[in-house]
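For reference, the structure discussed in these notes is given below.
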Amino acid sequence: MRLKTTLFGHTYAFKDVKEVLAKANEEKSGDILAGVAAESTVERIAAKTVLADMTLEDLRNNPVVPYEDDDITRVDQDSVDEEVFGRIKAMTVGEFREFLLSASEKEIAAIRPALTSEIVAAVAKLMSNMDLVYAAKKMHVEATCNTTIGKPGTLSSRLQPNHATDDVAGIMASVMEGISYGVGDAVIGLNPAVDAIDSVADILKEFKEFMYKWDIPTQNCVLAHVTTQMKVLERNLAPMDLMFQSLAGSEVASRAFGINVALMDEAYAIMKERKSSVGPNFMYFETGQGSELSADGNHGADQLVMEARCYAFAKRYNPFLVNTVVGFIGPEYLYDGRQMIRAGLEDHFMGKLTGIPMGCDVCYTNHMRADQNDLENLAMMLTMADCNYIMGIPAGDDVMLMYQTTSYHDAAALRRLSGKHTIAPFEKRMKELGIFDEQGNLSTIAGDPSVFISREQEIHLRSAV
Amino acid sequence: MKEEFVPDVSLPEVKDKVLIDNPKSLELVKRLKKATNARLGVGRAGDRFKTETLLKFRADHAIAQDAVWTEIDESLVDEMGFYKVQTMVNNKEEYVRRPDLGRIFSEESTEAIKRDCIHQPDVQIIVADGLSGFAINANLKDMYAIMMDGFREKKYKVGTPIFVRYSRVATMDRISEALGAKVTIQLIGERPGLATGESMSVYMAYESSPKKPESQRTVVSNIYSNGIPPIEAGAQVVHLTEILMREKKSGVELKI
C-alpha cells in the first residue's frame, strides 16, 4: 500500500488509511471540528490521489474502528461474502469508481455483498456530485412492508405530521392535509414530542384507524426510542407496521443513542413476531453525518465513513426505510447549503451502494447558513438520482423539531417535474378519492383536508352553525 | 396624504388565513387549523405555494436566523440573582462552530463555581443561553417560580442558581460533578423554529456526569407559549424531579 504522493513539487505523506480517508473528504465543518480534515485544498486532492490507488482489500483490512473494539465493525466485516470479495479485492478505489459508473445495475448488485463501509465511503470520496447522482440512479433497492417502495419510476414520501405537544386532533389535521396532497405512501410517521408508551400507542392506533377508514395503503410508525416501541409491542397496546430507531456508526456513539447491536437484535425479533404489517421489511432507521463526533464516538475518523457504517448496521435488519436527516445536525458539522447538498448526495449514494432502500430528509436548521433554495436544489437532484423517498410536512415547517424539510407541495411538484409516481396501490387509491387525476398529478380538489370530512363531522358542523 | 403600507406578512394572524380555493368545508378547515400551529390550509398555485405563503415563510426564516446571532439580554438573570459563568467560548461565531468549547469551563471558572456555590444540593438549577437567548427571557420567570414552590414544598436542598453564557447541554455534567448535585436541571434555549426563537428545553439527570452517555438525560422540550406553557413545564419538572430522586436514575434507564 502506497501512502505518499507528490503534487506540484510538494510531498504528501499520510500515516494510515484512516488519515487518507479523512483528508480525501470534501470540505465539511464537522471534519474540521474533529481535527481530521485536510489542511489545504491541494492536500485534499493528494489524499484523493492516494486513496484512488488503494485496493479494496487495503480498505477491508483497515476498518476505522478495530474489529475487537466495536460491534458495528464486527457486523460489517462478518457480513462480507468472501467468495465475491475474492473476485474484487485487487481492484483499486479508482478502478472501482469507474466500474460503478460503467457497469449495469445487475453487475453492481452482484458485487454488493462484498463491500464494507470503508470501501463504500472511499469510492464516494472520489465521486463528483454528478457522479454520485449518475451512479445512484443505477442502484434501485426495493423493500416491502404493506406496500413496496423503491421501484423505478416512483418517488415516495413520508407524511410527517409532527405537533408541538402530540395533540391527536392536531396530528390528524396534518395527516388529512398531507394525504390530500398524495403524501404518505412511504409511511405516516410522527416524531413524538413526548417519548411515553401510552401516547405512542394512542397515535399508532389513530393512524391505523385513519388508514382503515379511508382505505389508504401505507404504513404507520411513531418514531419513539426503540425501547418504548418494544414496550408497546410487549403489552400489545397498538398495531405497529414499522419500528423505528436512530442509528450511529460506532458502538460508543450508539451508546449515546441508548442502543447496541444486541438490543437492536432483540427489538427486531419482537417486531418480527408482533408487527401488524405483512411484508418482510419492517424496520425504519434514520442517520446523519456528524452524530458520532457529537457523541464522542468517531474514533478519529471522518463523518462520511462513520455515516457509511450506519448503513452496514441498518442493513443487518433488512429495513423498509432508511434516510439521512442531512441538514438537521447543524452548522458545526455541515456549515452551509453547499456542504448540506454534498452530504445528501453522498449519503443517498452510499446507502444504495450498501444495498438499503435509501431516502433522504432534505432539510436545514435555522442556525445553518442555508435556506429554502438550497433545500429545493438538493431535493431536485435526489429525485434525479432515483432517491426512494423524501419527507412531506405542512409548508415545509416542522413545528415540533424546529427545522425545515420538504413540503407536501415539494413532493407533488417533484413528481410532476420528473414524471414519477407514488407507490402503485397508493396512487390507485388517490385516483379513487379524486385527489389525483388520470396521470397521477394533483387534481383540482387536492390540497383540501376537508375532503376527509366524515359524515358525523358534517352533521356536527351543520348543527353548530 | 395618508401613507399606504403593504400588509405585514410577519403578523401571526397571517398564518390563520385559509387560502384554499373552494374547500369542501371551510368550517372544518378552520377547525383543523386551530388544532395545530402547523401551516395548514395554505392552498396552492399549481403544485407550489401561493405568493403570500412563500413570503411569510421567508420572513419567518429571516427572523429565526437573526435570533440565533443575537446576544442574550442578561438583565433578567441578573435581576433574579443567578450566579454567572462562561464556557471556553468567546463569541457567537465560535459558539456555533465549536460545540466542544461550549461544553467545558476553564480551570478558573470551575474553581470559582466550587468556591462560590452551594455544595451537595438535592436540586441544581442551571440556565443556559444555548441557541436562543430569547427563549430564556420568554419562559424563565414563570417556570422558575413554579419550580421553586414545588422544591420548597418537598423540602429539597436547592443549589445556587447558575447562568452559563455560550453554553451547550453538557455543561450540566461539569457543574453537577463540581458541586456533587443529585438532580441537575438545565433550562436551555433551543435552536429556533420559524417565526419564533422562544422555544426552550429542559434537560434533567440524576448525578449528571461527563462519564455517562447522553442517554442519562430526561428531556422536556417545546416549552413556550404555543407549546408546553412554562407554568405547566415547571410543574412537570417538579414531578420528574420527585421520580428521579426516588428512582435514583434518569434518561433511558427510567421508563415512564
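Things worth noting here:
- Reduction of at least 50 Å² in accessible surface, 1.4 Å probe, comparing all protein chains with the chain by itself, residues of the stretch A:127-171: A:Ala164
- According to the Cα-based calculation, Rg over Rh for the protein assembly as shown is 0.97, with Rh computed by the Kirkwood formula.
- Dipole magnitude (debye, nearest 20) for the stretch A:143-448, charges at Cβ of Lys, Arg, Asp, Glu: 860
- Computed helical MRE - 222 nm, chain A, DSSP H runs ≥ 4 contributing -39500 (n - 2.57), nearest 500: -13500 deg cm²/dmol
- Here the protein assembly as shown is assigned +1 on the Cβ of each Lys and Arg and -1 on the Cβ of each Asp and Glu. Its dipole about the Cα centre then comes out at about 920 debye.
- Surface accessible to a 1.4 Å probe, A:Tyr134 within the full protein complex, Å²: 140
- As a ratio to 2.2 N^0.38 Å, the alpha-carbon radius of gyration for the stretch B:12-68 is 1.23.
- Of the listed residues A:Tyr284, A:Tyr335, the order by accessible area with a 1.4 Å probe, largest first, is A:Tyr335, A:Tyr284.
- Note: relative contact order over the stretch A:209-301, using C-alpha pairs below 8 Å and six or more positions apart, is 33 percent.
- Modelled spin labels at B:Arg115 and A:Ser454, positioned 7 Å past Cα toward Cβ, are 6.7 nm from each other.
- Using alpha-carbon coordinates, inclination of helix A:372-384 to the longest axis of chain A, degrees: 80
- Options B:Asn139, B:Leu101, B:Ser215, ranked by Cα towards positive dipole end of the stretch B:75-253, top entry (Cβ charges): B:Ser215
- The residues of the stretch B:75-253 present an accessible area of 40 Å² per residue when probed at 1.4 Å with all protein chains retained.
- For the stretch B:1-67, the per residue solvent-accessible surface stands at 62 Å², with DNA, RNA and ligands left out and a 1.4 Å probe.
- Furthest towards positive pole of dipole, A:Ala164, A:Tyr333, A:Gln303, structure part the stretch A:143-448, Cβ charges: A:Gln303
- Accessible area per residue for chain A is 33 Å², calculated with a 1.4 Å probe on protein heavy atoms, without ligands, DNA or RNA.
- Lys/Arg +1, Asp/Glu -1 at C-beta; the stretch B:1-53 dipole; positive extreme among B:Val14, B:Leu26, B:Thr53: B:Leu26
- For the stretch B:16-39 versus the stretch B:137-180, the gap between their alpha-carbon centres in whole angstrom: 41
- For A:Cys310, the solvent-accessible surface computed with a 1.4 Å probe is close to 0 Å², ligands and nucleic acids excluded.
- Accessible surface buried at the B:A interface totals approximately 5200 Å², computed with a 1.4 Å probe on protein heavy atoms.
- Whole-percent carbon and sulfur share, accessible surface of the stretch B:155-250, 1.4 Å: 49
- Once all protein chains are placed together, A:Leu414 keeps about 10 Å² accessible to a 1.4 angstrom probe.
- Qualifying GluC sites (Glu not before Pro) for the stretch B:1-85 [loop in DSSP, other Cβ within 10 Å: at most 14]: B:Glu3, B:Glu4, B:Glu71
- Electrostatic dipole magnitude of chain B [Cβ: Lys, Arg +1; Asp, Glu -1; Cα centre; debye, to 20]: 1000
- The long axis of helix A:303-315 is offset from the longest Cα principal axis of chain A by roughly 60 degrees.
- Rounded to the nearest 10 degrees, the inclination of helix B:51-68 to the longest alpha-carbon principal axis of chain B is 20 degrees.
- In sequence order, calculated HN-Hα J values of the stretch A:414-431 (Karplus, 6.51, -1.76, 1.60; Hz; x Gly/Pro): 5, 5, 5, 4, 9, x, 8, 10, 6, 4, 3, x, 5, 4, 4, 5, 4, 5
- Partner shielding of B:96-107 amounts to 3, given as the average count of beta-carbon atoms from other chains within 10 Å of each residue beta-carbon.
- GNM flexibility winner over chain B from B:Leu194, B:Leu244, B:Leu28 (Cα, springs under 10 Å): B:Leu28
- Nitroxide proxy distance, nm - points 7 Å out along Cα→Cβ at A:Lys213 and A:Glu266: 3.7
- Shown for chain B is the translational diffusion coefficient from the Stokes-Einstein equation, using the Kirkwood radius over Cα pairs, a temperature of 37 °C and a viscosity of 0.692 mPa s: 164 µm²/s.
- Accessible-area ranking of A:Ile188, B:Ile63, largest first, probe 1.4 Å: B:Ile63, A:Ile188
- Interface residues of the stretch A:383-407, defined as a loss of at least 20 Å² in heavy-atom accessible area between the chain alone and the complex of all protein chains with a 1.4 Å probe, are A:Pro394, A:Ala395, A:Asp397, A:Val399, A:Met400, A:Met402, A:Gln404.
- Relative contact order of the stretch A:143-448, defined on C-alpha pairs under 8 angstrom at six or more residues apart (%): 23
- Karplus-derived 3J(HN,Hα), 6.51/-1.76/1.60, for each residue of the stretch B:98-106, Hz, glycine and proline x: 10, x, 4, 6, x, 9, 10, 10, 5
- Cα gyration tensor shape for the stretch A:24-73, rounded if a/c is under 1.5, else prolate or oblate: oblate
- Accessible surface, 1.4 Å probe, highest first, among residues B:Arg152, A:Arg60: B:Arg152, A:Arg60
- Accessible carbon and sulfur surface of chain A relative to its total accessible area, %, 1.4 Å: 52
- The stretch A:246-346 - percent relative contact order, Cα under 8 Å, separation 6 or more: 34
- Computed from backbone phi with θ = phi - 60° and the Karplus coefficients 6.51, -1.76 and 1.60, the 3J(HN,Hα) list for the stretch B:115-126 is 6, 9, 10, 5, 8, 6, x, 5, 10, 10, 9, 10 Hz; x is used for glycine and proline.
- Computed [θ] at 222 nm, deg cm²/dmol, chain B (DSSP H ≥ 4; -39,500 (n - 2.57); rounded to nearest 500): -11500 deg cm²/dmol
- The portion of the accessible surface of the stretch B:1-154 made up by carbon and sulfur, rounded to a whole percent, is 53 (1.4 Å probe; DNA, RNA and ligands excluded).
The values are calculated or read from the model by the stated rules, or taken from the named source; none is laboratory data. These numbers come from a predicted model, not from an experiment. Don't worry about glycine lacking a Cβ; one is built from the backbone with ideal geometry, like all the others, and counts go over all protein chains shown. Accessible surface areas use protein heavy atoms only, side chains included; no ligands, DNA or RNA. Shrake-Rupley method; radii C 1.70, N 1.55, O 1.52, S 1.80 Å.
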